[in-house]
Amino acid sequence: MRRQGGLSDLALDTLWRPFTQHALRQQPMVITEGKGCLLYDSEGKEYLDGMSGLWCVAVGYGQEKLVEAAANQMRKLAYSPLTRPSHVAIECAEALVSVLPNGLRHVHLLNSGSEAVETAIKLARQYGRQAYPKQNRYKIIARYRGYHGWTMGALGATGQTARKAIYEPLVAGFLHVRPPDTFRLFAGLSPQEAARQMAQEIEETIEFEGPETIAAFIGEPIIGGGGVIVPPEEYWPRVRQLCDKYGLLLIHDEVITGFGRTGKWFGGETFGVVPDIMTMAKAIVSGYVPMAATATNDKVFESFLGDVSENRHFQQISTFAGHPVACAVAIANLSLFRELNLVENAARMGERLGNGLRALQSRHSTVGDVRGKGLLWGLELVLPGTRDPLPTAKTKQVAAEAQQRGLLVGTNTATVPRLENVITIAPPLIVSEAQIDRLVNTLDEALGAVAV
């Protein structure tokens, strides 16, 4: 039975949608077309995409260069596994290394951010056993509110109870410390003092657990889906120092922050830190096809070298990892980044966006904090006159009001109960000044429309 103006009951259940209670029979927004930073739904309504899909469509929609790369590669060679890699897979790895921070020279090609994190965890654990054969380094330190993926290992590293509690027990060996949230934590401290206290907490965790049991520290340079939490400038250099002091690997989850999002090629560069392992996805192909990667430095790579009888090689294979079509799109995508100066545009437009969002804070008492880098921003909403989080329903209402006015933004839904009060903003890196102004003005209207 087809409902008037919507999908049939059968269609509502055929596609099992994420974060959806199907018993409510809610009609989804169906997107039919995209061009640049704009999307169009099945009713013909236009939207400015303020979230790059899911943080990923960096070059915008409808880029023919990427379409042609996929079609040409599919005609030439549609598939080959990495056990006998296509030429384009080798070219893709080389193209990635050309933009990665100095020292990250070895690349695993994969399919999704969750797989990239899963791979990083496995690499860290095997490295720990091979580099320290008389120890048992398997534990991974992560942060509360961080997100690392939906597979069981990545979910274990994730610090968002709403996404993981129902699946517990998860993979053993994950420890969590407080996030670098200076708006809610570390009250009364300067950013420098807060960074020192955070580092002290991490060091205490290492010492209490025993450094001989810990393989790595994992974190997003800027926590994304957990509420766009930007650390103090001293935070990551201090974490890097601790990892070096105790022999831990530093893993940066750059799935959201990578490829220009923060106004630098990678988020770690924003804080002057290079990790031992880096995970990438999303903007690696601007969302046009599934693809991800995990990169390592020489120290990690060389620990896997040895005689075949030693069994030190990395025993992982994926059917679609390094898919020739995805590799061709990634190469074209990186070329387009340079051609359009997207990293520079992200920095320039990010400054305009940040100024606009801070102006909203001065006009709306519900905006408690504005934070971000480049084109990655969050508005933390509060009850007026307090730092108490705005209820989740009210935060979602702000996003709904923006959508009604033709702007798509996100919320940190299904993360940590009571703290699902952040509007997330991450437009495509091709965004223009006029579109930044449209985004800010529409958010201004949406915030004003929600009574608190």
(message) Report the gain in length on full extension from K245 to R25: 0.36 nm times residue separation, minus Cα-Cα distance, nm rounded to one decimal.
(response) 73.7 nm
(request) Would you mind ranking K35, K139, K396, K134 by Cβ crowding within 10 Å, fewest neighbours first? (result) K134, K35, K396, K139
(message) About the Cα centre, and with charges only on the beta carbon of Lys, Arg (+1) and Asp, Glu (-1), how big is the dipole of the chain? Nearest 20 debye, please.
(response) 480
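Fully extended, how many nm does the chain gain between N311 and A131 (0.36 nm per residue separation, minus their Cα-Cα distance)? Provide the component values of the computation, followed by the final result.
Values: separation 180, 0.36 × 180 = 64.80 nm, distance 1.37 nm.
Gain on extension, N311 to A131, equals 63.4 nm.
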(request) Could you run the Debye sum over the Cα atoms of segment 275-381, one equal point scatterer each and no solvent, and tell me log10 of I(q)/I(0) at q = 0.17 Å⁻¹, two decimals? (result) -0.97
(message) Take D388 and E201, extend 7 Å from each Cα along the Cα→Cβ direction, and tell me the distance between the two endpoints in nm.
(response) 2.4
(message) Run the reach check for K264 against aspartates and glutamates, Cα to Cα strictly under 20 Å, same-chain hits fewer than 8 apart removed. What comes back?
(response) E94, E220, E233, E234, D253, E254, D276, E339, E344, E351, E433
(request) Would you compute, for the Cα atoms of the chain, the largest minus smallest coordinate along each principal axis and list the three values in descending order, in whole Å? (result) 66, 61, 45
(request) Using label points projected 7 Å from each Cα along Cα→Cβ, tell me how many nm separate S80 and V97, to one decimal. (result) 1.8
(message) I need the calculated FRET efficiency for the pair S432 and S335, taking r as the beta carbon distance and R₀ as 25 Å, to the nearest 0.05.
(response) 0.75
(request) Under 17 Å Cα to Cα from K394, which lysines show up? Leave out anything in the same chain fewer than 8 places away. (result) none
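A short reminder: the numbers here are calculations on the coordinates, not readings from a lab. None of the values given here were measured: they were computed from a predicted structure. Quick reminder, even Gly has a Cβ in these numbers, built from the backbone with ideal geometry, and neighbours come from all protein chains shown.
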